[in-house]
Amino acid sequence: MRAVVFIGPSIDLESASAELDVEFLPPVKRGDLAELLARPEPPEAIGIVDGRFLQSLCISPKEVLEAMDRGVTMFGSSSMGALRAAECSPFGMVGVGKIYEEYFSGRIDADDEVAVTYDEENLSALSEPMVNMRFAIAAGIEEGAFAPETGERFLEIAKELYFPQRVNRTVLMLLRREIPEDEHARIAAFFAGGAPDTKREDALLLLAAMRDHLEPAVKPQITSVEARGAL
């Protein structure tokens with residue numbers, strides 16, 4: 001079965017291709033699905049993890065619905081995929097992962113929760129998505145790594161920043177002015193020790209869901225793209 005997955009800063013190509021043998025493309029933008037559907041042999045399944053915005057128009061829900069009307073099974077998770085799946089799952093799009101559940105339930109609704117800037121050459125993230133910070137803080141509080149009020153203030157500071165400025169070390173620097181040194185050391189140690197990366201975890205869940213759906217597909221490949229913002 002022919003399949004395509006759009007990835008970017010949420011998960012690297014090497015990790016993704018180790019999980020699923022399909023064609024990988026960089027973050028999706030408006031018009032990309034139409035190009036896939038215009039191929040002599042269009043894909044039968046498409047996964048959306050990451051998508052472009054800022055200097056490119058975002059993929060629209062209408063494009064997703066048109067692909068499904070053509071018989072394509074659509075999957076979404078992590079970032080732009082989670083946003084579109086939350087909107088289109090009532091019509092058949094398969095939403096996967098914790099971030100999708102947050103949007104579908106309405107617990108979060110802002111696009112900037114998943115927005116990041118990224119390196120245009122290797123597609124690696126240069127900022128941290130707000131939604132990852134939320135799940136990391138929840139995990140830290142559950143583990144007792146720091147006080148709940150410390151985590152709440154961390155998130156308040158992060159949300160006040162424009163999304164390209166959302167980097168853990170920046171938030172920790174600003175937080176340091178407001179809490180005792182020993183408490184700051186605790187939350188800094190938590191992030192230094194490896195906070196969960198929910199976007200990546202959800203991307204892996206999408207690939208697993210598509211693997212269950214698919215027969216063996218084509219070898220992975222990725223096309224370079226110049227972009228600075230992704231959802």
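Details
- Loop-located trypsin sites (Lys or Arg not before Pro) in the stretch 22-103 (DSSP state other than H, G, I, E, B) with a sparse environment of at most 15 neighbouring Cβ atoms within 10 Å: ARG70.
- When peptides 181-188, 7-14, 88-95, 41-48 are sorted by average Cβ neighbour count within 10 Å, with the highest value leading, the order is 7-14, 41-48, 88-95, 181-188.
- For the chain, adding -39500 (n - 2.57) for each run of n ≥ 4 DSSP H residues and dividing by the number of residues yields -13000 deg cm²/dmol at 222 nm.
- Taking 7 Å steps out from each Cα toward its Cβ at GLU35 and LYS62 produces label points 2.0 nm apart.
- Carbon and sulfur %, accessible surface of the stretch 130-192 computed with the full protein complex present, 1.4 Å: 53
- Extension gain (nm, one decimal) between ALA185 and GLU149, 0.36 nm per residue minus Cα-Cα: 11.5 nm
- Contour minus Cα-Cα distance for ASP119 and TYR162 (0.36 nm per residue): 13.7 nm
- The calculated FRET efficiency for PHE104 paired with ALA208, based on their beta-carbon distance and R0 = 30 Å, is about 0.95.
- GLU178-GLU142 pseudo-label distance in nm [points 7 Å out on the Cα-to-Cβ vector]: 2.4
- The share of alpha-carbon pairs in the stretch 130-192 lying farther apart than 14 Å comes to 48%.
- Shown are PHE135, PHE104, PHE24, whose ranking by accessible area with a 1.4 Å probe and every protein chain present, most to least, is PHE104, PHE135, PHE24.
The values are calculated or read from the model by the stated rules, or taken from the named source; none is laboratory data. Computed from a prediction, not measured in an experiment: that's the story for all the values here. Virtual Cβ from ideal backbone geometry, glycine too; neighbours counted across all protein chains shown. Quick note on the areas: whole protein, heavy atoms, side chains included, nothing else; ligands and nucleic acids left out. Shrake-Rupley method; radii C 1.70, N 1.55, O 1.52, S 1.80 Å.
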